[in-house]
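Here's the structure we're looking at; comments come further down.
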Number of protein chains: 2
Amino acid sequence: MSENKIPYKTYLDENEIPTKWYNMRADMKNKPAPLLNPGTLEPMTAEELAPVFCEELIAQELNNTDAYIDIPEEILDFYKMYRPSPLVRAYFLEKALDTPAKIYYKFEGNNTSGSHKLNSAIAQAYYAKKQGLKGVTTETGAGQWGTALSMACSYFGLDCKVYMVKVSYEQKPFRREVMRVYGADVTPSPSTTTEIGKRILEAHPGTTGSLGCAISEAVEVATHSEGYRYVLGSVLNQVLLHQSVIGLEAKAAFDKLGVKPDVIIGCAGGGSNLGGLIAPFMGEKLRGEADYRIIAVEPASCPSFTRGKFAYDFCDTGMVCPLAKMYTLGSGFIPSANHAGGLRYHGMSSTLSQLYHDGLMEAVSVEQTSVFAAAEQFARVEGILPAPESSHAIRAAIDEALKCKETGEEKTILFGLTGTGYFDMVAYQKYNDGEMSDYIPTDEDLEKGFAGLPKIDL
Amino acid sequence: MSENKIPYKTYLDENEIPTKWYNMRADMKNKPAPLLNPGTLEPMTAEELAPVFCEELIAQELNNTDAYIDIPEEILDFYKMYRPSPLVRAYFLEKALDTPAKIYYKFEGNNTSGSHKLNSAIAQAYYAKKQGLKGVTTETGAGQWGTALSMACSYFGLDCKVYMVKVSYEQKPFRREVMRVYGADVTPSPSTTTEIGKRILEAHPGTTGSLGCAISEAVEVATHSEGYRYVLGSVLNQVLLHQSVIGLEAKAAFDKLGVKPDVIIGCAGGGSNLGGLIAPFMGEKLRGEADYRIIAVEPASCPSFTRGKFAYDFCDTGMVCPLAKMYTLGSGFIPSANHAGGLRYHGMSSTLSQLYHDGLMEAVSVEQTSVFAAAEQFARVEGILPAPESSHAIRAAIDEALKCKETGEEKTILFGLTGTGYFDMVAYQKYNDGEMSDYIPTDEDLEKGFAGLPKIDL
């Protein structure tokens, strides 16, 4: 294969790391609906958000107009610890699939957090430090965000309190240890350390937890502790903004290679990786400069895009957070316990929800046994053991490449390989032992979640 | 820090991956002593080695004359999956230590085996496949070699049977799962699947195993199974040869940067990483072209270089393998069970042993709590959670950099960061819980090992 002109891995130089994040909302005709104050149903103001979030991050959250926002020097320095990340041509996978498609992936797993989450964690920790805070609280599902935030807080000398979804805490005992190496304090959620945690445990004894519950607990602790704020690893506009570094690097690398992708695929839980990966491509699409097929991939067991409602909903189970308009399964929705790994948030980024609603992107859902089959196929030929979350995108990319094989089309496919699966071996073991099953919620299951949607008409 | 001319990470281009391995022995005046047939005490011939090892690998093992050996195209293709590996300038660590020293590390952990072991695994699997074999057997300690070999065998469609040192098998349950993802068959050693395993279990019930035991079992299975050979991840000349890709890349990157290291530091268990890292630098030293201070770092609990004897010894506990002249603690030596992680081999590469004997390199031993302290300090500033093995080199590099701080010397230090510690969280947990202790064998402990040395006078 060595005669190929396109290298296996394309690295930008360090001085080519983007110096500005790109804010898709500036180019959206239909802006994402604003966050609402659950009491007044009026758009949340910066003042109202200030007890929960860091000031500069609130400004980014509410910014619908600036297309580019400078990345502070301190964050750029940190980015150089693990960025630029490689854009990989999946020659080995193409060969294994015997497809005419050209497959690329942007690999974000070459850092100890194991995923792209560090891109936003370091930004959020930086702004918290700049504001003179003592520490931050957060939730984590699969554990990648918690690890990333622990690393970022350790770097800036901030205290870090992590509420980890109980099922992940139990499935991934070593994740907690990595966070401890970075000095974080990790509590399985729901817990008895918060009022909301106690309430949830009373209502649902034995629950394995959900991101929605963990968010409620982390927010409660942040708002009741002097010098603390809450930070979130996905869903919010600010997070998609920070993650745009993924897409900007990918686009710059493609431009260097003289290649234009036809199809762009990302897994979607809250939308941070997908939103970051597609950002500059979607920007071109929004400005009418180019067209791309963009596909969100979600678990069939937590199908916010494909089976959710586009409605205002609470971001958390405890209903203490603002309301966001998004594709949602209802803030009370908890994925079946047989669901392995992340992508278990009940809602979806309001930016991505609007783009999906406006027909600017597609969504598919995939079942977990087929996701792990794709993960193993990928690991064996590309040499990277992928995270279950990332493997949703692998599944969809393989499916697209196999369609190309049928039609003979030489499409160029880009997918986001968000991270590695080294802490997901319980799930891999289950799959290898043939003990993994699929679960697709029934319409009745979903109706229960929808019944909890706030009764407002906007 | 962005005004620095030297980047954080230096990547060579893919077409700059070395196309030849470098064989230090060709430039050694005093060649390493030959392997001996334990029956005749004569040098082992290729014919005698053929039932155990692959043909081409035997040729490499016995080759003391060719300085450069071509890397086959198929192996170069595979190398492109994860190579070139970055040469990293440890700006963050330098700042944390407030040292005038310039610290670099060659990072080999950005692949799913988690270490440099893949460099030799893919070569050995290739030659096994080329010989038309069905499969290979091996031992693994910390699990990195087993994982690497599983990946390599999966790539070439070879069967892979791994004997894993029992204490590691128990401490690292998820390592086994990664190997299973790649289709390998993993057995904790000593086991009842071999005659030698049964004998060892009878003599030492409840033993936590050693690399020496696991080697004996793997060799027994290879020599008793049609179409199988035994492969080894360290110690042997052929392995150091394959690993020279590390040093060759590091040297090429330094040459590009116009930098010459003063001190080169590598951890040493059997010597594969150290031998690979230093290869081209030692070559210059042997040819009188340049001088470098070269330091091997080993655990105080398994101190082959610093407290072992330079003598002919068995490579395995079962005494079925050839005799090698090396620094050894005796083939019956088993490190204290409180020793976490790898670097637990009783002997040392005969090539490195000769170089050490001839005063061409130094050796130090370090205690494990100080190793984990260095590991955490490194993780917090450089963002990579290191393997315990690699952290021995980090410890020594930090110590050297701190000496520079005292003296004001601006030395350039290179160390080998062989891998990541994602599967070593039990050890990190022990350290963080304050439950890790140090153990230095007494002279009496060592005398027991030496008593088992073969009584031959050569």
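The values are calculated or read from the model by the stated rules, or taken from the named source; none is laboratory data. Because the structure is predicted, anything quoted here is derived from the model rather than measured. Backbone-built Cβ (ideal geometry, glycine too); neighbour counts: all protein chains shown. The protein model used for the area step is the full one, side chains on, heavy atoms only, and it has no ligands, DNA or RNA in it. Shrake-Rupley method; radii C 1.70, N 1.55, O 1.52, S 1.80 Å.
Restricting attention to the stretch A:41-53, which residues are more than 20 Å from the chain's Cα centre (by Cα), under 25 Å from residue A:228 (Cβ atoms) and in a loop (DSSP other than H, G, I, E, B)?
A:44, A:45, A:50, A:51, A:52
Please work out which one of (1) of a type in the set (A, V, I, L, M, F, W, C); (2) modelled with pLDDT of 95 or more; (3) surrounded by fewer than 24 Cβ atoms within 10 Å (Cβ to Cβ) is the condition residue B:279 fails and give its number.
(3)
What's the number of the only condition in (1) open to solvent by 10 Å² or more (accessible area, probe 1.4 Å); (2) within 26 Å of residue B:431 (Cα to Cα) that residue B:112 fails to meet?
(1)
So which residues in the stretch B:15-35 are open to solvent by 30 Å² or more (accessible area, probe 1.4 Å) and under 17 Å from residue B:106 (Cα atoms)?
B:16
Quickly run through the stretch B:90-103 and pick out the residues that are buried (at least 17 other Cβ atoms within 10 Å of the Cβ) and over 13 Å from residue B:378 (Cα atoms).
Selection gives B:99, B:101, B:102.
Tell me which of these residue A:376 doesn't satisfy, since it passes every other one: (1) open to solvent by 30 Å² or more (accessible area, probe 1.4 Å); (2) within 12 Å of another protein chain (Cβ to nearest Cβ).
Condition (1) is where residue A:376 drops out.
Identify all residues within the stretch B:274-308 that are under 29 Å from residue B:196 (Cα atoms) and out of contact with any Phe, Trp or Tyr (no Cβ under 6 Å at 6 or more places or on another chain); write none if there are none.
B:299, B:300, B:302, B:303, B:307 - these are the residues of the stretch B:274-308 that are under 29 Å from residue B:196 (Cα atoms) and out of contact with any Phe, Trp or Tyr (no Cβ under 6 Å at 6 or more places or on another chain).
Quick one: which of A:205, A:261 is over 18 Å from residue A:390 (Cα atoms) and not assigned by TED's automatic domain parsing to the domain that holds residue A:353?
Exactly one residue qualifies, and that residue is A:205.
From (1) free of Cβ contacts under 8 Å to residues at least 40 places away in the same chain; (2) part of a helix (DSSP H, G or I), pick out the condition that doesn't hold for residue A:61.
Result: residue A:61 fails condition (1) only.
Tally time: how many residues in the stretch B:145-159 are crowded, with 24+ Cβ neighbours inside 10 Å, of a type outside the set (Val, Ile, Thr) and within 12 Å of another protein chain (Cβ to nearest Cβ)?
5
Kindly indicate the residue of the stretch A:181-201 that is open to solvent by 20 Å² or more (accessible area, probe 1.4 Å) and touching a residue at least 12 places away in the same chain (Cβ under 8 Å) and also nearest to the other protein chains (Cβ to nearest Cβ) among those meeting that condition.
Only one residue fits best here, namely A:183.
Being of a type in the set (D, E, K, R) and either at the interface with another protein chain (Cβ under 9 Å from one of its Cβ atoms) or over 14 Å from the mean Cα position of the chain (by Cα) (or both) is the filter here; which residues of the stretch A:73-121 pass it?
Answer for the stretch A:73-121, where residues must be of a type in the set (D, E, K, R) and either at the interface with another protein chain (Cβ under 9 Å from one of its Cβ atoms) or over 14 Å from the mean Cα position of the chain (by Cα) (or both): A:73, A:74, A:77, A:80, A:83, A:89, A:94, A:95, A:98, A:102, A:106.
Failed condition for residue B:230, given (1) open to solvent by 10 Å² or more (accessible area, probe 1.4 Å); (2) modelled with pLDDT of 95 or more, with all others met?
(1)
Could you say whether any residue in the stretch B:302-310 is at pLDDT below 95, of a type in the set (Phe, Trp, Tyr) and within 22 Å of residue B:64 (Cα to Cα)?
Within the stretch B:302-310, not a single residue is at pLDDT below 95, of a type in the set (Phe, Trp, Tyr) and within 22 Å of residue B:64 (Cα to Cα).
If I go through the stretch B:379-410 residue by residue, how many of them are among the acidic types (Asp, Glu), under 24 Å from the mean Cα position of the chain (by Cα) and surrounded by fewer than 24 Cβ atoms within 10 Å (Cβ to Cβ)?
2
Kindly list, by first and then second residue, each pair from a residue in the stretch B:38-49 that is closer than 19 Å to residue B:454 by Cβ and touching a residue at least 40 places away in the same chain (Cβ under 8 Å) to a residue that is assigned to a helix (DSSP H, G or I) and open to solvent by less than 60 Å² (accessible area, probe 1.4 Å), limited to pairs with Cβ atoms under 6 Å and residues at least 6 apart or on different chains.
B:49/B:58
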